[in-house]
Amino acid sequence: MNGGRFSWFNATSLTLGFAFLYLPMLILVIYSFNESRLVTVWAGFSTKWYGELLQNDAFLDAAWVTLKVGFWSSTLATVLGTMAAYVVVRSGRFTGRSLFSGMVYAPLVMPEVITGLALLLFFIAIGLDRGVLTIVLAHTTFAMCYVSVVVSSRLVTFDRSLEEAALDLGSTPFDAFRSVTLPIIAPAVISGWLLAFTLSLDDLVIASFTSGPSSTTLPIKIFSSVRLGVSPEINALSTIMIGIVTVGVITASIVSRRRLVRQRDDEQRALHQE
Amino acid sequence: MAQQQKKTVFEPWEDPSEKPIIRFKNVTKRFGDFTAIDNLTLDIYRREFFALLGPSGCGKTTLMRMLAGFETPTSGSILLDDKDIAAVPPNKREVNMMFQSYALFPHLTVYDNIAFGLRRSSMPKADIPGRVEQMLRLTQLTQFAKRKPHQISGGQRQRVALARSLAKAPKLLLLDEPLGALDKKLRNETQFELMDIQEKTGTTFVIVTHDQEEAMTVASRVAVMDQGRIVQVATPDRIYETPNSVYVADFIGDVNLITGKAYPGTGEQVEIHWGEAQAPIRANTSKSLAAGAEVKFAIRPEKIGIASEPPQDAANVVQGKVLDIAYLGNISTYHVELPSGDVLKAQATNSRRISRRNITWDDTVWLFWTDTAGIVLTE
């Protein structure tokens, strides 16, 4: 970082890299403000597609379903994933430990098509009607292992003597978890939840296997409408989603950065007092 | 006079009517193939400041964790106030522990850290603030009550950990290397603070340490451990002056060890023959030794005098050449090579400035000590 000199090679790589990442999205955002109904022909600036979007009940319903599914599945996945991570990290050695932890993480590498198909067959087998509930269950299943990866990486570095101290001071094991472990690993649990939520918002494959007629999620809706031709409304919708994600990411990084700086300052001050 | 003074001395282990608060009875702890604690029996008395001392891996931490309830003995029993505590989980024991890392809860303030245990006890809610403030005063932390652990210094954190573990007024307080994270100067001050607090609260303290100086400073009795066994339990001065084995003599402080053969004389007198052409060492021992038994003679460097002239009427005198001088300011240690090739260490206080300057490298010197200065060890 320090003493880096300007080089044409670096500048070009950087430009190309960012262009590769963001140019498609930029085009999408620009065309969402297009006056014309034709997506690829620029006909002047307008925000009318945003207005039309708010009138489109099908999209709004799908958005509502997606948010509901995202909220419930990520919440369930966070609870189950945190529990799984805790067991895998804490239980020490027992027979079949590596088999168990391997099985927790296996869905990470499983092709989504197979997960989706397996879930579909399972829901049919137990006679569960497909709808919001089945999507929630399906998303919980595959998001759980992501949560457990995030949480267990935090638990590995967690100072176990903190829990022992809580037990020593009279906490039951559950109380020690609730009042000491959980508050300390909360950032990891929250980012696990956010990850699960994002995955759920994002998912098309598993949702299309497990959704029913009354429960179309936004990605399914977008995908099926695009097959009939891209409408500027979808561009507008996508722009809103990009906006939400951007604001979220920036806020989160500002908050965590502030906290880090404050903590460092505090520690410096404490050190100088001595 | 001497008799009367003796009564005020704190020595419950000498009093047969006194009941120990902690009894280890033939305790063994194995982790797989590794035996951490090997058939150990030990009594600790009320109000003691008891130190477990030993190198890392000697089992002292395992012993402490068994008292706290984080480990259970493989066999044998541990009694607290005559009750077997093997089956009692840590949160039900009237034992609190101060962790080596302090284990302060980073998301709670100093106040809430100290109140943590009280809120989980049977203490009425209304009494908790009073008790916390009392602990804050005891550890001089009142002005830091609202701070988080990362907003205070290392020494203050150590005091929070102490206050937190004392708040519930446990029968027994365990301290795991409590001063390890502090620098030397702060450590010395804190040792005296610890002793002061122990005396004020009247709690029984068990401290684990690998620092022999720390154990000697704070403890009423010291248990020296090696490989899961207790080698010797005694008061610091006994441990230092009359170690029962070469291991203890060598572990505590600095010592000269001379191997020889013992030839008992009249009474407690014994002559130790060592090296060729060396006069036998005259010493006293209460041990009954067979003539010619292999022994080690242990003598502390500060018990050996050094002179540049042959001393008169000393029980033991050897001649040698100064090999090295370690000047430590208050004292100097002389490494003196004897004609036999053995090196003895002698220590002298630098009570006068530039005193002892008359002894320097390669000088011929005489080392001397009395017949009671050293001890004879057989193991």
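Throughout, read-outs are computed from the coordinates displayed, never taken from laboratory work. Since the model is a prediction, treat every value here as computed from it, not as a measurement. A quick note on method: Cβ atoms are made from the backbone with ideal geometry, for glycine too, and the neighbour counts reach across all protein chains shown.
So the values come out like this:
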{"read-out": "Among A:Thr78, A:Thr40, A:Thr115, residue whose mean-square fluctuation peaks in a GNM of chain A (springs only between Cα atoms under 10 Å)", "value": "A:Thr40"}
{"read-out": "Spherically averaged projected area in nm², based on the convex hull that wraps the Cα atoms of the stretch B:254-377", "value": "7.7 nm²"}
{"read-out": "Spread of Cα-to-Cα distances over 10 Å intervals beginning at zero, given as percent, for chain B", "value": "5, 19, 25, 22, 16, 9, 4, 0"}
{"read-out": "Most fluctuating residue given options B:Thr204, B:Thr235, B:Thr333, as computed from a GNM of chain B linking Cα atoms under 10 Å", "value": "B:Thr333"}
{"read-out": "Residue-wise HN-Hα coupling along the stretch B:317-332, computed from phi with Karplus coefficients 6.51, -1.76, 1.60 (Hz; x: Gly, Pro)", "value": "9, 10, 9, x, 10, 6, 9, 7, 10, 9, 8, 10, x, 6, 9, 10"}
{"read-out": "Length gained when the stretch B:Ile325-B:Asp237 is fully extended (0.36 nm per residue, less Cα-Cα span)", "value": "29.0 nm"}
{"read-out": "Set of aspartates and glutamates near B:Lys287 by C-alpha distance (under 19 Å), chain-local residues within fewer than 8 positions excluded", "value": "B:Glu241, B:Glu268, B:Glu271, B:Asp371, B:Glu379"}
{"read-out": "Debye equation applied to the C-alpha atoms of the protein assembly as shown, log10 I(q)/I(0) at 0.06, 0.09, 0.12 Å⁻¹", "value": "-0.58, -0.95, -1.28"}
{"read-out": "DSSP-defined antiparallel bridges as percent of all bridges, the protein assembly as shown, nearest 5", "value": "75 percent"}
{"read-out": "Over chain B, relative contact order from alpha-carbon pairs under 8 Å, at least 6 apart, %", "value": "14 percent"}
{"read-out": "For chain A, built as a Gaussian network whose Cα springs stay under 10 Å, the top-fluctuating residue of A:Ile254, A:Ile114, A:Ile244", "value": "A:Ile254"}
{"read-out": "Given charges at Cβ of Lys, Arg, Asp, Glu: the protein assembly as shown dipole, positive-most of B:Ala262, B:Leu174, A:His139", "value": "A:His139"}
{"read-out": "Least to most buried among A:Met241, B:Met66, B:Met97, B:Met225 (fewest other Cβ within 10 Å first)", "value": "A:Met241, B:Met66, B:Met225, B:Met97"}
{"read-out": "Dipole magnitude (debye, nearest 20) for chain B, charges at Cβ of Lys, Arg, Asp, Glu", "value": "2000 debye"}
{"read-out": "Magnitude of the charge dipole, the protein assembly as shown, Cβ model with Lys/Arg +1 and Asp/Glu -1, debye to 20", "value": "1780 debye"}
{"read-out": "Cα pair distances of the stretch B:48-156 binned at 5 Å [whole percent]", "value": "2, 10, 16, 18, 17, 16, 13, 7, 2, 0"}
{"read-out": "Percent RCO, i.e. relative contact order, over the stretch A:52-229, from Cα pairs under 8 Å lying at least 6 residues apart", "value": "40 percent"}
{"read-out": "Structure-based [θ]222 nm, the protein assembly as shown - -39500 (n - 2.57) summed over DSSP H runs of at least 4, per residue, nearest 500", "value": "-14500 deg cm²/dmol"}
{"read-out": "Violating pairs (Cα-Cα greater than 25 angstrom) within the set B:Lys261/B:Lys345; B:Lys171/B:Lys200; B:Lys148/B:Lys168", "value": "none"}
{"read-out": "Cα shape, chain A, gyration tensor, a/c 1.5 rule", "value": "oblate"}
{"read-out": "Computed label-point distance, nm, for sites A:Ala125 and A:Arg97 using a 7 Å Cα→Cβ extension", "value": "3.1 nm"}
{"read-out": "Part-to-part distance (alpha-carbon centres) for the stretch A:43-98 and the stretch B:281-354, which is given in Å", "value": "79 Å"}
{"read-out": "Potential extension, A:Val109-A:Arg178 segment - 0.36 nm per residue separation minus Cα distance", "value": "21.7 nm"}
{"read-out": "Gyration tensor (alpha-carbon) shape descriptor, the stretch B:201-262, a/c threshold 1.5", "value": "prolate"}
{"read-out": "Within straight-line cross-link reach of B:Lys184, aspartates and glutamates at Cα separation under 19 Å, skipping those fewer than 8 residues along the same chain", "value": "A:Glu274, B:Asp176, B:Glu193, B:Asp196, B:Asp211, B:Glu213, B:Glu214"}
{"read-out": "For a label point 7 Å along the Cα-to-beta-carbon line of B:Trp361, residues of the stretch B:318-352 with backbone N under 17 Å", "value": "B:321-328, B:333-337"}
{"read-out": "Label point 7 Å beyond Cα of B:Thr372 along Cβ direction - residues of the stretch B:244-275 with amide nitrogen under 14 Å", "value": "B:268-269"}
{"read-out": "3J(HN,Hα) from dihedral phi, the stretch A:104-116, Karplus parametrisation 6.51/-1.76/1.60, rounded to Hz, x for glycine, proline", "value": "5, 8, 4, x, 4, 9, 6, x, 4, 4, 5, 4, x"}
